[in-house]
Amino acid sequence: MQEALAQVYGYALGVWRHRWAALLFAWVIALAGWAYVWQMPESYKATARLYVDSNSVLRPLMRGLAITPNIDQRIAMMSRTLLSRPNLEKLARMTDLDLAVTTDTQKEALISRLEDSISLSGTRGNSSMYFISVTHRERETARRIAQSLITVFIEMSLDDKREDSSGAQSFLDKQIAESERRLVEAENRLARFKQENVDVLPGESGDYYARLQSTRSQLEAARLELLEQKNRRDELQRQIDGEEPVFISSSSSAPTGLPIDSRIQALQGQLDNLLARYTDKHPEVQQLSGLIDELRTERAEQLQAMGPGAASTFSGVANSPVYQGMRTMLAEADASVAELSVRVGEYERRVEELAEKVNSIPEVEAQLKQLSRDYGVLSQQHEEMLQRRESARISSDVENNAGDVSFRVVDPPFVPSKPSEPNKLLLNAGVLVIAVGAGIALALGLSFIHPIINDARMLAMATGLPLLGSVTWNKSAEQKRRERWRLAGFGACVASLMVMFGVLLVAPQMLERFA
C-alpha cells in the first residue's frame with residue numbers, strides 16, 4: 001500500500017514539475033474548444049402534442065350495419081408514413097422553405113434537413129397521444145413547420161379515409177357489375193335449358209325416379225280399378241242374361257224400346273259430361289264416342305233381326321223397372337270400363353316413355369341441378385356484394401357527416417425564447433474538463449520522458465545500492481519568496497482560465513439583454 005501511495009505521489013510530483021506546460025496546453029485546448037462551441041449555430045426546438053380520439057359514439061351503434069375499420073392501426077400507419085418524401089415536399093411548400101431552392105441538389109438537401117429536424121413519437125402507455133418536435137435555426141420557422149406538420153397529419157388522415165371509402169365503393173361497383181353480368185348469363189343458360197327440356201324436367205312430383213315410381217303406382221291402381229269394373233260389368237251382364245221375361249199389358253203407357261237403348265243413353269250422358277270438360281280429341285271422349293257408335297250399330301242389327309213381332313214381344317221386358325235399372329247399371333259399368341281402359345293406356349304410355357328415357361332424364365336432371373346450383377351461388381354472391389356496398393355507403397356517410405376520428409391539439413406548437421440546441425453551457429464545461437485533462441496528461445507524459453528522483457527510495461531502486469543516509473535541502477529566504485511568486489503566478493493563470501469559463505457562461509445572457 002505504501003509503495004502504491006509512493007508511486008502516486010511520484011506521479012503527482014512529476015505533473016507538478018511540468019505544471020506550466022500542462023497549463024499552457026490546457027489554455028490552448030480550452031480556447032480552441034470554446035471558440036468552436038461559440039461559432040456553433042444555435043437551433044430552436046418547437047414542440048406540440050396531438051391527441052387522436054378514435055372512440056366514436058357511432059361506432060358501436062353502427063356495428064353490423066356499416067364497415068368498422070381498425071382506426072388505431074390506420075392512425076399508427078399514417079404516423080409512420082408521415083415523413084415520406086411527398087409529405088416532406090408538401091411541408092416545404094407550406095412553409096415557403098422551397099422558395100430559395102433552384103436545383104435538385106438543393107432540393108435533396110432541404111428534404112434531408114427537414115427529415116432530420118422532425119421527430120414524431122407516441123406517448124408510452126397512450127397510443128392516441130403523439131409528441132411532435134421540430135428543430136430549426138429560426139424560431140418562427142420552427143413554429144411554422146410544427147403547425148404545418150399537424151395540418152398535414154390531419155389532412156392525410158381525412159384524405160386516406162375518403163380514398164379508402166371511394167376506392168372500396170368503386171371496387172364494389174365493378175364487382176357488382178361483373179357479378180350481375182355473370183348472373184344474367186346464368187339465368188339465360190338456365191332458361192334456355194328449361195325451354196329445351198321442358199317435357200322431361202322434374203316438376204312438383206319430384207325427379208325422374210319419383211315420377212316413374214308415381215306413374216307405375218297410378219298404373220297399378222288404374223289396372224286394379226279396371227279389373228273391378230270389368231268384373232262388375234260381367235256380373236251385371238250375367239244377371240241380365242238370366243232374367244225371365246215378364247210381359248206387361250200392351251195398354252201400358254210406358255214407352256217401349258230395346259235393352260241396349262239404356263246403355264246408349266247412359267254412355268251418351270257420360271259423353272256429354274266429358275265434352276263439357278274436354279275437347280272431342282280427348283282420348284276418353286273418342287273412346288266413348290266409338291263405343292256409342294258400336295252400340296247403335298248393334299241396336300240396328302238387333303232390330304233388323306227381330307222383325308216387327310219380336311220387337312213387340314220384348315217391349316214388355318224392356319219396360320220392367322228392375323230390368324231397366326240393371327241395364328242402366330250395365331251401361332254405367334261399360335262406360336267406366338271404357339274410361340279406365342283409356343286411363344290405363346295413358347299410364348302405360350307414360351311408363352314406356354319414362355322407361356325409354358332412363359338414360360337421358362337423369363342426365364338432364366343432373367345438368368339442371370348444376371345450372372341451378374351455379375345460379376344460386378352467383379345470386380348469393382351478388383346479394384352479399386350488394387349488402388357490402390350498402391355498408392360501405394353507410395360507412396362513407398358516417399365518416400363524411402359525423403367522423404369516426406377527431407383530432408385535438410393538446411399543446412399547440414411552442415418555441416422557447418432561448419435556443420434549445422446546442423447546450424453551450426454543457427459543451428463549454430466539457431471543453432474545460434477536456435482541456436484540464438489534456439494538460440495533466442501532457443505533464444504526466446513529460447515526467448515519463450524526463451524522469452527525476454524525488455526521494456531516497458527512488459534513488460535506491462534506481463542504483464541498486466544500499467542507502468546510507470539523506471541530506472535535507474534548506475532553501476534560503478530569497479528562494480522561498482521566488483517560489484511563492486511562481487506559485488502565485490500559476491494560481492493566477494489557473495484562476496484566469498476559470499474566469500474565462502465564467503465569462504463564457506454569462507456572455508450569452510449579456511448579449512441577449514443588450515440585443
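Read-outs throughout are calculated quantities, based only on the coordinates presented, and are distinct from any laboratory measurement. The model shown is predicted, which means the values in this text are computed figures rather than measured ones. All Cβ positions, even for glycine, are placed from backbone atoms using ideal geometry, and neighbour counts span all protein chains on display.
A compact table of results
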item: Modelled FRET efficiency - R0 56 Å, S379 with D272, Cβ distances, 0.05 increments; result: 0.65
item: Descending semi-axes in Å of the stretch 328-370, equivalent ellipsoid built from Cα gyration tensor; result: 38, 9, 4
item: Using θ = phi - 60° and Karplus 6.51 cos²θ - 1.76 cosθ + 1.60, couplings along the stretch 375-388 (whole Hz; Gly, Pro as x); result: 5, x, 5, 5, 5, 5, 4, 5, 5, 5, 5, 4, 5, 5
item: Label-point separation in nm, R484 to R93, each point 7 Å along Cα→Cβ; result: 8.0
item: Subset of K107/K174; K107/K418; K281/K369; K90/K424; K174/K369 violating a 31 Å alpha-carbon distance limit; result: K107/K174; K281/K369; K90/K424
item: ³J(HN,Hα) computed for each position of the stretch 263-268 - Karplus, 6.51 cos²θ - 1.76 cosθ + 1.60, integer Hz, glycine/proline x; result: 5, 4, 5, 5, 5, 5
item: The stretch 488-494 - phi-based ³J(HN,Hα) in whole Hz, Karplus 6.51/-1.76/1.60, Gly and Pro as x; result: 5, x, 5, x, 5, 5, 5
